[in-house]
Amino acid sequence: MRYIPTRDEAFALLKEYNHSNSLIKHALSVEGVMRYMARKRGQDEEKWGIIGLVHDLDYERYPQQHCQKTKEILEERGWPEDYIRAIMSHGWGLVTDVEPQHEMEKVLYAIDELTGLVTAVALVRPSKSVLDMKVKSVSKKWKDKSFAAGVDREVIANGAQMLGMELKDLFEDVIMGMREVAKEISLAGNGADSV
């Protein structure tokens, strides 16, 4: 019987390799969106979520070996090959040559950078929240290339194209997924207690 990691194991592993609050929040954002997208598409929410949670496992310690080191770490722990392949594929064209093939891989590739943009948009809003965020707010900031300039918009656009999605629909899915983890990622806003 093959080993299937649990969410608790994945989160413990994430925290073993990452101490940066922002990287952990990014991991939780991607996990939230992956779970939302899996449910919406009738896929395995737990699997998609775990892959989202550990996709940047090696980034804090080994930024120069991003994805490659994650592969080593997960192989040593006996993680399933399809989990590892999906994680490798999110770095396609940047740090790996593993092209996203499966739906889950394409979703991870498309939403990874986008969660960063949505976070940046939330932080400049008066509410500091994703709970009241509209797609048009993200669309507006998307067009402003100097806003969140580190976000690779080309990767997001390519990902949307791979999925056959309009950008605005992808923006909406990412906002909805991040709403589900708004408290954990500190984007529930000023009135977080009333949510």
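Computed from the coordinates by the stated procedures, all read-outs in this text should not be read as laboratory data. Fair warning: this is a prediction, and the values are worked out from it, not measured in the lab. As a convention, Cβ positions derive from the backbone with ideal geometry for all residues, glycine included, and neighbour counts pool all protein chains shown.
Key figures for this structure:
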{"quantity": "Filter result (farther than 21 Å from ALA38 by Cβ and either outside any helix (DSSP H, G or I) or in contact with a strand residue (DSSP E or B) (Cβ under 6 Å, 6 or more places away or on another chain) (or both)) within segment 123-139", "calculated": "VAL124, ARG125, PRO126, SER127, LYS128, SER129, LEU131, ASP132, MET133, LYS134"}
{"quantity": "Boolean, MET162 is more than 22 Å from HIS66 (Cα to Cα), surrounded by fewer than 19 Cβ atoms within 10 Å (Cβ to Cβ) and in contact with a Lys or Arg (Cβ under 7 Å, 6 or more places away or on another chain)", "calculated": "yes"}
{"quantity": "Residue check, PRO80 surrounded by 21 or more Cβ atoms within 10 Å (Cβ to Cβ) and closer than 25 Å to ALA38 by Cβ", "calculated": "no"}
{"quantity": "Residues satisfying the stated conditions in segment 1-54, i.e. assigned to a helix (DSSP H, G or I), of a type in the set (Gly, Ala, Ser) and either within 21 Å of GLU113 (Cα to Cα) or touching a residue at least 40 places away in the same chain (Cβ under 8 Å) (or both)", "calculated": "ALA10, SER22, ALA27, SER29, GLY32, ALA38, GLY49, GLY52"}
{"quantity": "Within segment 140-178, tally of residues that are farther than 18 Å from LYS40 by Cβ, in a helix (DSSP H, G or I) and acidic (Asp, Glu)", "calculated": "1"}
{"quantity": "Residue in segment 83-94 that is in contact with a strand residue (DSSP E or B) (Cβ under 6 Å, 6 or more places away or on another chain) and either without any contact (Cβ under 8 Å) to a residue 60 or more places away in the chain or outside any helix (DSSP H, G or I) (or both) present", "calculated": "yes"}
{"quantity": "Residue check, ALA110 farther than 24 Å from GLY49 by Cα and either in contact with a Ser or Thr (Cβ under 7 Å, 6 or more places away or on another chain) or surrounded by 15 or more Cβ atoms within 10 Å (Cβ to Cβ) (or both)", "calculated": "no"}
